[in-house]
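Participant: Let me give you the structure first, and then I'll get to my questions.
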Amino acid sequence: MDQNKQESRHKVTERHTIWRGLEIHKVRASPYWQVRLYDRTAKRYVTRSTKEKLKRNAIEAAETMARTGILKAPVIEVINTIPFEKTFEYFAGKALGLAKIKGKKYAARDDERILYRRDDGLIAYFGTREIEGITSAEITEYFAMMDETRDEPLSASTKNKHRFVLNRVFNAAVEERALTRLPAIQTFSTDDTPRPAFSDQEYDELLNMTKSCIKRGDTVFGNRVTDEILHLIRFMVSSFVRPLTTELMAIKLGDLTPRSDRKSLEVKINGKTGKRVTVTMPDGAKIVAAQSSETGRSDSSAFLFFPDVADRAKALTIARQQFNHILAAAHLKQDYEGNARTLYSLRHFAIQKRLRDSGGKTNIYTLAANAGTSVEMLQRFYLAKMALSDDMVKNLHHDEKEEEARRAAEAQRGDKITFTTPGPYTPMKVAINPERSGSSFVAKTQQYQTERKTTAADDAGS
């Protein structure tokens, strides 16, 4: 108990980073701000009290202590002697520029947030450091610092996003020969969380409620629910696209090409996993025709959904708001395990439905490629909780040896000649066992058929 009280007294309640290696913080046990500075000579952090209660005064005191060497760490002089083109910040800019050149503007935007977050971003922590001098141990310390400054530790997925950004920065340094090898960065394990979808019955209920909301004239945040959201729901299930500004909301009429069957469509997408061509189900062309009629737009430059909303992020928000409204009205906001459904649930349902409706005969590699994902991702997130259809269970229980035995037994029963008479005077079809097709047997059969033809002709003449 006493130990727990001691730990609680020294718990950090507020923290502020001044520059990489220099910060101030407050603990429960003291009203004064503490300064924490990394001593490069001793290779450890040194903590002292600033004797200041106000934050702005504490910052000035910390900077003075660092500059005058009171903490035995002449950080300013060391930092200023490192050429900018050798710093972490320089190569971070290179990595961002490369991402934008490759057309990954949304990925670059996410990287930029991680890099330039004010107090604990990668630039704030590593920015002025020479890229070559950053070690694996310091990177591990960075992740520890990220956890310490929060009420709850960062999730493994968030840490892995930081790891990806770090790797891109270090790779940019390797390409310019500022580094000879990448520092090792730990991987943070995550627990797979299969996405919620719909059952076939729930999907029908969703469509029916959508039609009811349209008929009632429901309004969500000032936007009326129209047939457009119904077409959007059906199109997502038909095309497997992601509900993103770079996929669903980026599709223009010019990106759609009818296939030879005139029912399905080829959809050009430049989304989360790069460029691909997705083929819709056979109802794709019908859905798009109905949507085009709804919006009154047919020009190739028009967006497929919400074409009058220039801000595509806003268009996606409108779709999400209306979809959530319909889910709530249909009491489908959560699945049976309590997981919240979103627009993404339509994509998950589409993939599961394709496998169920095909009885498991759809090639999983083709399905993954068409949906812009991998077989591993299908197995981990999309199909983990999918219920099997009767046909899929039949395929699961299929035994080829039993099937061969059944065919052999049917062949044995073929000894008997069976006659099928479609009409009173139609020449008979004879099933002949090849093992009994001797000359006398064939002759008798041909004689019988000739007699039947003669009788039929006589009856017709009379």
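Participant: Which condition number in (1) assigned to a loop (DSSP other than H, G, I, E, B); (2) within 24 Å of the chain's Cα centre (by Cα); (3) loosely packed, with under 14 Cβ neighbours inside 10 Å is the one that MET281 fails?
Facilitator: (3)
Participant: Also, I was wondering about something else. For residues that are loosely packed, with under 13 Cβ neighbours inside 10 Å and not small (Gly, Ala, Ser), scanning just the stretch 149-166, find the one that is nearest to PHE188 (Cα to Cα).
Facilitator: Step by step, filter the stretch 149-166, then rank; the result is GLU152.
Participant: When the stretch 112-135 is examined, which residues are found to be under 31 Å from the mean Cα position of the chain (by Cα) and either in a loop (DSSP other than H, G, I, E, B) or among the charged types (D, E, K, R) (or both)? Before you say what the answer is, go through the steps one by one.
Facilitator: We begin by selecting, within the stretch 112-135, every residue under 31 Å from the mean Cα position of the chain (by Cα); these are 112-126.
Once the filter is applied, which keeps residues that are under 31 Å from the mean Cα position of the chain (by Cα) and either in a loop (DSSP other than H, G, I, E, B) or among the charged types (D, E, K, R) (or both), the stretch 112-135 yields GLU112, ARG113, ARG117, ARG118, ASP119, ASP120, GLY121.
Participant: Additional query: Of all residues in the stretch 218-246, which are in contact (Cβ under 8 Å) with a residue 40 or more places away in the chain and over 22 Å from GLU205 (Cβ atoms)? Walk me through how you get there before you give the answer.
Facilitator: So in the stretch 218-246, the residues in contact (Cβ under 8 Å) with a residue 40 or more places away in the chain come out as 218, 220-221, 223, 225-229, 231-246.
If the condition is that a residue be in contact (Cβ under 8 Å) with a residue 40 or more places away in the chain and over 22 Å from GLU205 (Cβ atoms), then PHE221, ASN223, VAL241, ARG242, LEU244, THR245, THR246 are the ones that fit.
Participant: Looking at the stretch 117-137 only, could you name the residues that are at pLDDT 85 or above and surrounded by fewer than 16 Cβ atoms within 10 Å (Cβ to Cβ)?
Facilitator: GLU132, GLY133, THR135, SER136
Participant: Looking at THR366, THR362 in this structure, which one is part of a loop (DSSP other than H, G, I, E, B) and modelled with pLDDT of 80 or more? Write out each step before concluding.
Facilitator: Values: THR366 fails: part of a loop (DSSP other than H, G, I, E, B).
Only one candidate qualifies: THR362.
Participant: I need the full set of residues from the stretch 382-413 which are surrounded by 15 or more Cβ atoms within 10 Å (Cβ to Cβ), out of contact with any His (no Cβ under 8 Å at 6 or more places or on another chain) and at pLDDT 60 or above, in order please.
Facilitator: We begin by selecting, within the stretch 382-413, every residue surrounded by 15 or more Cβ atoms within 10 Å (Cβ to Cβ); these are 382-383, 385-386, 389, 392.
Now drop any that are not out of contact with any His (no Cβ under 8 Å at 6 or more places or on another chain), which leaves 383, 385-386, 389, 392.
If the condition is that a residue be surrounded by 15 or more Cβ atoms within 10 Å (Cβ to Cβ), out of contact with any His (no Cβ under 8 Å at 6 or more places or on another chain) and at pLDDT 60 or above, then LEU383, LYS385, MET386 are the ones that fit.
Participant: Quick one: in the stretch 298-309, of everything that is within 24 Å of the chain's Cα centre (by Cα) and outside any strand (DSSP E or B), which residue is surrounded by the most Cβ atoms within 10 Å (Cβ to Cβ)? Show your work before the answer.
Facilitator: Just the residues of the stretch 298-309 that are within 24 Å of the chain's Cα centre (by Cα), to begin with: 303-306.
Filter once more, so that each one left must be outside any strand (DSSP E or B): 304-306.
Details: LEU304: 25, PHE305: 22, PHE306: 21.
Checking each candidate, the answer is LEU304.
Participant: Of everything in the stretch 257-277, what is farther than 21 Å from ASP299 by Cα and either assigned to a loop (DSSP other than H, G, I, E, B) or of a type outside the set (Lys, Arg) (or both)? Give them in sequence order.
Facilitator: Residues of the stretch 257-277 farther than 21 Å from ASP299 by Cα: 260-261, 271-276.
Listed by number, the residues that qualify are SER260, ASP261, GLY271, LYS272, THR273, GLY274.
Participant: Which residues, taken from the stretch 287-297, are surrounded by 15 or more Cβ atoms within 10 Å (Cβ to Cβ) and either outside any helix (DSSP H, G or I) or basic (Lys, Arg) (or both)? Quick ask: steps written out before the conclusion?
Facilitator: Kept after step one, since they are surrounded by 15 or more Cβ atoms within 10 Å (Cβ to Cβ), are these residues of the stretch 287-297: 287-288, 290-292, 295, 297.
ARG297 - this is the single residue of the stretch 287-297 that is surrounded by 15 or more Cβ atoms within 10 Å (Cβ to Cβ) and either outside any helix (DSSP H, G or I) or basic (Lys, Arg) (or both).
Participant: Kindly evaluate THR81 against the criterion of being within 23 Å of ARG177 (Cβ to Cβ) and at pLDDT below 70. Outline the logic, then answer.
Facilitator: Details: within 23 Å of ARG177 (Cβ to Cβ): yes; at pLDDT below 70: yes.
The answer is yes for THR81.
Participant: Please enumerate the residues belonging to the stretch 160-218 that are under 21 Å from the mean Cα position of the chain (by Cα) and among the β-branched types (Val, Ile, Thr).
Facilitator: Listed by number, the residues that qualify are VAL165, THR187, THR190, THR193.
Participant: Another question about this same structure. So which residues in the stretch 273-308 are within 13 Å of GLU228 (Cα to Cα) and hydroxyl-bearing (Ser, Thr, Tyr)?
Facilitator: Residues of the stretch 273-308 that are within 13 Å of GLU228 (Cα to Cα), as a first pass: 287-297, 303-308.
If the condition is that a residue be within 13 Å of GLU228 (Cα to Cα) and hydroxyl-bearing (Ser, Thr, Tyr), then SER292, SER293, THR295 are the ones that fit.
Participant: From the list THR187, THR210, THR193, pick out the single residue that is in the same structural domain as ASN324 (by TED's automatic domain parsing) and either farther than 20 Å from LEU96 by Cα or modelled with pLDDT under 90 (or both).
Facilitator: On the way: THR187 fails: in the same structural domain as ASN324 (by TED's automatic domain parsing); THR193 fails: in the same structural domain as ASN324 (by TED's automatic domain parsing).
Residue meeting the stated conditions: THR210.
Participant: What pairs come out if I take residues in the stretch 314-334 that are within 16 Å of LEU207 (Cβ to Cβ) and pair them with residues that are assigned to a helix (DSSP H, G or I) and charged (D, E, K, R) whose C-beta lies under 7 Å away, six or more apart or interchain?
Facilitator: Once the first residue is within 16 Å of LEU207 (Cβ to Cβ) and sits in the stretch 314-334, its partners that are assigned to a helix (DSSP H, G or I) and charged (D, E, K, R) give ALA330/GLU205; LEU332/GLU202; LEU332/GLU205.
Participant: Can you report the number of residues in the stretch 224-237 which are under 23 Å from GLY296 (Cβ atoms) and under 17 Å from the mean Cα position of the chain (by Cα)? It would help to see each step written out before you state the result.
Facilitator: Narrowing the stretch 224-237 to residues under 23 Å from GLY296 (Cβ atoms): 224-236.
Right, trim to under 17 Å from the mean Cα position of the chain (by Cα) and you get 236.
Counting residues in the stretch 224-237 that are under 23 Å from GLY296 (Cβ atoms) and under 17 Å from the mean Cα position of the chain (by Cα) gives 1.
Participant: Tally time: how many residues in the stretch 327-350 are touching a Lys or Arg at 6+ places or on another chain (Cβ under 9 Å), exposed (fewer than 12 other Cβ atoms within 10 Å of the Cβ) and not in a loop (DSSP other than H, G, I, E, B)?
Facilitator: Count: 1.
The values are calculated or read from the model by the stated rules, or taken from the named source; none is laboratory data. Not measured: the values here are computed from a predicted model. As a convention, Cβ positions derive from the backbone with ideal geometry for all residues, glycine included, and neighbour counts pool all protein chains shown.
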